[in-house]
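The values are calculated or read from the model by the stated rules, or taken from the named source; none is laboratory data. The structure presented is a predicted model; accordingly, all values stated were derived computationally and were not measured. Methodologically, a virtual Cβ is constructed for each residue, glycine included, from the backbone with ideal geometry; neighbour enumeration extends over all protein chains shown. Keep in mind that these areas ignore ligands, DNA and RNA; they rest on the heavy atoms of the full protein, side chains included. Shrake-Rupley method; radii C 1.70, N 1.55, O 1.52, S 1.80 Å.
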There are 2 protein chains.
Amino acid sequence: MSELLEQLRKAVGETNVRVGDAVHADYTHDETLTVSPVVPLALVLPGSTSEVSEVLKVASERGVPVVARGSGTGLSGAAVPVPDGILLAFDRMRHILEIDVENQVAVVEPGVTLEQLNGALAPLGLIYPVSPGEQTASLGGNVGTNAGGMRAVRYGVTRHHVLGLEAVLADGTVLRTGGKFVKCSTGYDLTQLLIGSEGTLAVTTEVTVKVQPRPTETTTILVPFATLPEVTHAVPRIVASGVNPTILEYADALVLGSITRAAGLDLGIPDDIQQAALAYLIVVLEESSVSRLDEGVERLGTLLGELGALDVYVLPPHAGASLIEARERLFFVTKAAGADDIIDAVIPRAAIPDYLARVAELAEAHQTFVSGCGHVGDGNVHLGVFQPDTEKRKALTREIFLLAVDMGGAVSGEHGVGTEKAPYFLETADPAALELMRSIKTAFDPKGILGPHRMLGAETA
Amino acid sequence: MSELLEQLRKAVGETNVRVGDAVHADYTHDETLTVSPVVPLALVLPGSTSEVSEVLKVASERGVPVVARGSGTGLSGAAVPVPDGILLAFDRMRHILEIDVENQVAVVEPGVTLEQLNGALAPLGLIYPVSPGEQTASLGGNVGTNAGGMRAVRYGVTRHHVLGLEAVLADGTVLRTGGKFVKCSTGYDLTQLLIGSEGTLAVTTEVTVKVQPRPTETTTILVPFATLPEVTHAVPRIVASGVNPTILEYADALVLGSITRAAGLDLGIPDDIQQAALAYLIVVLEESSVSRLDEGVERLGTLLGELGALDVYVLPPHAGASLIEARERLFFVTKAAGADDIIDAVIPRAAIPDYLARVAELAEAHQTFVSGCGHVGDGNVHLGVFQPDTEKRKALTREIFLLAVDMGGAVSGEHGVGTEKAPYFLETADPAALELMRSIKTAFDPKGILGPHRMLGAETA
């Protein structure tokens, strides 16, 4: 142990290896509601790729497990330390290395946060559009989980925006993939393989992302409907209309009420509409000119009328921004309301009403309250599960996940597998796929030191 | 041999195994100019996934190589048979299995062509927007090469549109990946790994693609510039402006002349402009309404004036469509003009003028004529190489590829590696990446029967 720490200190510097009480509580967990904090054997803060490489060489030689952590905003437990392992954190690797306006590309260290990157891009009229709820999330972490978020309906997810990576393999070898180009047909796409691998294949040390013109005009539209099926029926029509919304969210009346209350937001919806509306659609349109935006709003308004909307509220800019911000904070509102778990699953978009109806039946059968909202354009449903009894809760969430897979979906749309969803992932994955994934894991990390006890390395339920 | 044929006939039916003269010449090559036709040991035409599985089981047990072929429109030799192996072709697997309008997804067999799919989608107001030059290309082949094409500047390439695959491994195991959803963070992304693997990892038997609203309004704009650097300087400005072109192509005066002549197209450009213009930009805008299109054309026109365009020609619809069609056929025009090789490389978009200038120097040093055009929005350059001496030509093309890699690019943007680019790929790839790719290949295909002598399995130069 003391020899290990000595080697680590030599690799990254005395003050960048911390043990015991010197490990701040923030590093002992992510945001997952169901995980307990764990103090790692050592918190290691590398300052460069070569320091990451040195640390991994040491870990590999000694067979010490390594967990990589972004900003700790994950929701699957993937960044939670193990007591006998190193926790790699990237507080010292937070430099934006390059913003290349001509090529519309940014190159960043893994610790760079979304708000930091977009803060630097905004004055240049550019945006990195992937937007998981939490803007303090890091790009390295986003690569790990293939982060999605509300804007995916227009922009796709992390894997659609990362063009290249530098990553360090378990044995310290530095790997480079991709580059400043969108098109590439040159060998197997290791960039894509690493994205979403949750730190189990390699440690990301540099990310090259595509950036794009920042839309100048934006508007938020709130649309009450009498029932959820009407909302989900409307969604493919909106997508097919070509108005190309940036955000297309569903919130039930309960969720909308709780986020607006929590944000102190009065959207000015008349009482009679509020009483008739059981489900809301939140639509954001973004364009590069006022005339385009106006045209989009008009077309959308006409369409929504035809689709049975009770009314259409084009929110004043401030209220619109506040509503989206409040929606982003729904996780914390649900947490504050006493949720015991917050999960996501993905299903084909059109299956949402059926899925949610069956989830409601499951919830009732398990005598558990489940709240819902979702990135309805993507078929990505988020559920708050209120059931303090762990066994009862797990029995229900298992059925919720199995149902998603059964309906043609997957265990996670954007939170990832980590430790918390691993049993359901292992239970439902295609056996041939699982075997290939295990072989890939072995090829990248023969000693199995990266991301132990998560994803493929987890115990089955 | 006769025992093998008997097993194959049992697997797919008597008439679907062909040998010797019964193998039509079309099956002996792809469109690559530098490959010689090869008659396979047996041409096998499976009719279903289970037949593919049976064939691969037989091949695997006997250690017989297998090459999978789409429509044979590839430009890297990846689909050229080997004399001692099976050629799998998908003439019998050309069914569109499902067009799911609600989920905006299509599920197709690998032999379905782009024109077939878009023919079925058009009446529904939908489009599969990936458009490599050749519309007879198959979806299975597109997955193999990660096909790109002119519309990639707006829509990305094949890997941005494929949501899931069914594929058969070398030993006959059927693998399922992804599904009817865009967001997924559930294990390593095998869909992405298979895309672009050129038939060396598995044989694709079903493709699930995202489809989207078909733009209703389109216009083609031809923009003469005095010099190439002015064109490439204009490109990032156009991309940054938010007009979001579907096509952004560069053609030098020679290329434009040859494609318009070949198509018998008079674009009505005055003589003085024709004489002053050394480089042309071709821009296509597509929108869902006339007012949006008009606005885009106006903004683009103003911008192009500021960027030094000699003039801006908004082509009449018929001429615009003909120009794009003619550009699509540039490969055949260049071939007819006597090109000995037609290659593609990718570089960061902003490096294009420098790259092309250095290619011109290389061409001169090698006393070889090289013509050029490119998907300039993507940094994807296509070059016709006129040099009948194989050794001389290979020496030049090698330097052209090495230069691309040296300037931050890659050996192929969309044609793929196959047999023809493999030596340059193997020479320039990151060694750690190459080693991982070899391990992945072994995990998928331990006996190495799939796609022999191509990509990783090729000899080095």
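Please report Rg over Rh for chain B, where both radii come from the alpha carbon positions and Rh follows the Kirkwood definition.
With Rh from the inverse mean 1/r over Cα pairs, Rg/Rh is 0.98.
Enumerate lysine pairs in chain A that are 8 or more residues apart or on different chains, then count those whose Cα atoms are under 22 Å apart.
Lysine pair count for chain A: 11.
Just the Cα atoms of segment B:397-453, one point each, no solvent: what log10 I(q)/I(0) does Debye give at q = 0.30 Å⁻¹?
Listed by q, the Debye log ratios stand at -1.26.
Roughly how big is the B-A contact, given as buried accessible area in Å² (both sides, 1.4 Å probe, nearest 100)? Write out the running numbers ahead of the final one.
On the way: alone 19380 and 19380 Å², together 32400 Å².
Approximately 6400 Å² gets buried when B meets A.
Please give the average number of partner chain Cβ atoms lying within 10 Å of the Cβ of each residue in A:189-198, rounded to a whole number.
6
Given Cβ point charges of +1 (Lys, Arg) and -1 (Asp, Glu) and nothing else, what value in debye, to the nearest 20, does the dipole of segment B:333-395 about its Cα centre take?
In debye, rounded to 20, segment B:333-395 gives about 60.
Measuring from the lowest to the highest alpha carbon on each principal axis, how far does segment A:302-349 reach, largest first, in angstroms?
Result, largest extent first: 41, 32, 15 Å.
Using only Cα atoms, tell me the angle between helix B:2-12 and the longest principal axis of chain B; keep it within 0 to 90° and round to the nearest 10.
70 degrees
How many Cβ atoms of partner chains, on average, are near each residue of B:122-129 if near means within 10 Å of its Cβ? Numbers along the way, then the final one.
On the way: counts 0, 0, 1, 3, 1, 0, 0, 0.
That works out to 1 on average.
Each label point is 7 Å from the Cα along the Cα-to-Cβ direction; what then is the distance between the points at B:E217 and B:D389, in nm?
Computed distance between label sites B:E217 and B:D389 equals 5.6 nm.
Shortest first and in nm to one decimal, what separations exist between B:R261 and its copies in the other chains, measuring from label points 7 Å along the Cα-to-beta-carbon line?
Copy-to-copy label distances at B:R261, shortest first: 7.7 nm.
State, to one decimal in nm, how far the label point of A:V314 lies from the label point of A:S48, with both points 7 Å from Cα in the Cβ direction.
In this crude spin-label approximation the distance works out to 5.5 nm.
How large is the helix-only mean residue ellipticity at 222 nm for chain A, computed as the sum of -39500 (n - 2.57) over DSSP H runs with n ≥ 4, divided by its residue count, in deg cm²/dmol to the nearest 500?
On the way: 16 runs with 167 residues, N = 461.
Calculated at 222 nm, the ellipticity per residue is -11000 deg cm²/dmol.
Starting from the 7 Å offset along Cα-to-Cβ, what nm value, one decimal, do you get for the label separation of B:V19 and B:E427?
Spacing of the two 7 Å Cα→Cβ label points: 4.0 nm.
Putting +1 on Lys and Arg Cβ atoms and -1 on Asp and Glu Cβ atoms, find which of A:Y424, A:H366, A:L383 reaches farthest to the positive end of the dipole of segment A:357-461.
The one lying farthest along the dipole's positive direction is A:Y424.
Please report, in debye to the nearest 20, how large the charge dipole of the protein assembly as shown is about its Cα centre when each Lys and Arg carries +1 at its beta carbon and each Asp and Glu carries -1 there.
The calculation lands at about 960 debye.
For segment A:270-338 and segment B:246-288, what is the separation of their C-alpha centers, rounded to whole Å?
Each part's Cα centre sits 44 Å from the other's.
Specify whether the C-alpha gyration tensor of segment A:214-283 places it in the rounded, prolate or oblate class, a ≥ b ≥ c being the square roots of the eigenvalues: rounded for a/c under 1.5, otherwise prolate if a/b is larger than b/c and oblate if not.
Note, shape of segment A:214-283 comes out oblate.
Using Cα atoms only, what is the angle between the long axis of helix A:390-406 and the major principal axis of chain A, expressed in degrees (0 to 90) to the nearest 10?
Roughly 70 degrees between the two axes.
Using only protein heavy atoms and a 1.4 Å probe, report how much of A:C373 is accessible, in Å² to the nearest 10.
Number for this one is 10 Å².
What whole-number value in Å² describes the accessible area per residue of segment B:41-121 for a 1.4 Å probe?
It amounts to 29 Å² per residue over segment B:41-121.
Expected output is a single nm value to one decimal: the length gained when fully extending between A:E6 and A:A357, i.e. 0.36 nm times separation in residues minus the C-alpha distance. What is it?
This chain segment gains 120.7 nm when fully extended.
Mind pulling the per residue volume of the convex hull built on the Cα atoms of the protein assembly as shown? Å³ is fine.
159 Å³
Given a Förster radius of 51 Å and the C-beta distance between A:T136 and B:A336 as r, what FRET efficiency does 1/(1 + (r/R0)^6) yield to the nearest 0.05?
Approximately 0.30, to the nearest 0.05.
With a 10 Å radius around each residue's Cβ, average the other Cβ atoms per peptide and rank B:298-310, B:30-42, B:405-417, A:264-276, highest first.
The packing order, highest mean first, is B:405-417, B:30-42, B:298-310, A:264-276.
Once every Cα of segment A:168-240 carries one equal point scatterer and solvent is ignored, give the base-10 log of I(q)/I(0) from the Debye formula at q = 0.20, 0.23 Å⁻¹, two decimals.
Log10 of I(q)/I(0), two decimals: -0.91, -1.07.
Using just the C-alpha positions of segment A:310-461 as equal point scatterers, what log10 of I(q)/I(0) does the Debye formula give at each q in 0.10, 0.14 1/Å?
Rounded to two decimals, the profile gives -0.43, -0.78.
Along the charge dipole of segment B:175-332, which of B:G187, B:I282, B:P317 sits closest to the positive end, that is, farthest toward it, with unit charges on the beta carbon of Lys, Arg, Asp and Glu (+1, +1, -1, -1)?
Of the candidates, B:G187 comes out farthest on the positive side.
Evaluate the charge dipole of segment A:385-444 about its Cα centre and quote only its size in Debye, nearest 20, assuming +1 on the Cβ of each Lys and Arg and -1 on the Cβ of each Asp and Glu.
Dipole size: approximately 160 debye.
Treating the point 7 Å from Cα along Cα-beta-carbon as the label, what are the nm separations from B:E361 to the other copies, to one decimal?
Sorted ascending, the copy-to-copy spacings read 7.1 nm.
What whole-number value in cubic angstrom gives the convex hull volume per residue for the C-alpha atoms of segment A:14-137?
It comes to 119 Å³ per residue, whole-number rounded.
Give the angle, between 0 and 90 degrees and rounded to the nearest 10, that separates the Cα long axis of helix A:317-328 from the longest principal axis of the Cα atoms of chain A.
The angle comes out at about 50 degrees.
By per-residue mean of other Cβ atoms within 10 Å, what is the highest-first order of B:319-330, A:339-350?
Top of the packing list down: A:339-350, B:319-330.
When only C-alpha pairs under 8 Å and at least 6 residues apart count, what is the relative contact order of chain B, in percent?
16 percent.
For peptide B:207-220, what's the mean number of Cβ atoms from other chains within 10 Å of each residue's Cβ?
Average per residue, whole number: 1.
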